[in-house]
Amino acid sequence: MKFHLIQSDNKNLITGYDLNWVEVNQARHYSSFIVTPNQLLLDWPVKNIKDINENSFAAIESLEVEIILLGTGSIQEHLKPSLLEYFSKKNIAIEAMNNQSACRTYNILANEERKVMLALML
């Protein structure tokens, strides 16, 4: 799917996606990655929800994100309650959803200047 109205202002935005890839600023990616409006971290080692633990987001500790959108692939999967509690104690909201929903939500929040991070499992 391609998006039609994208306001960049030099932000990293999702410009298209399919079941096996996601485009960030027209560059297509085929493996899991993390993106914020200002940074793109390729080759995130998480491939499925079972791979996620407290250290999975260590690379973003200094980014001061307030919201993590977790794309869990073609279907929505949920994090363990202990991980939800871990992020809650850090005052970080985390929401798991399928990749398509996560991409759309990320673009909205990034355009609203929110401190958002998208972590996609591909």
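Only residues that are in contact (Cβ under 8 Å) with a residue 40 or more places away in the chain and over 12 Å from the mean Cα position of the chain (by Cα) were counted in the stretch 64-112, giving 4. Exactly one condition in (1) on the phi < 0 side of the Ramachandran plot; (2) open to solvent by 10 Å² or more (accessible area, probe 1.4 Å) is false for Cys103; which is it? Only one criterion is unmet by Cys103, namely (2).
The values are calculated or read from the model by the stated rules, or taken from the named source; none is laboratory data. Given the structure is predicted, the values throughout are model-derived calculations rather than measurements. Glycine also receives a Cβ, built like all others from the backbone with ideal geometry; neighbour counts cover every protein chain displayed. Accessible surface is based on the protein model in full, side chains and every heavy atom, while ligands, DNA and RNA are left aside. Shrake-Rupley method; radii C 1.70, N 1.55, O 1.52, S 1.80 Å.
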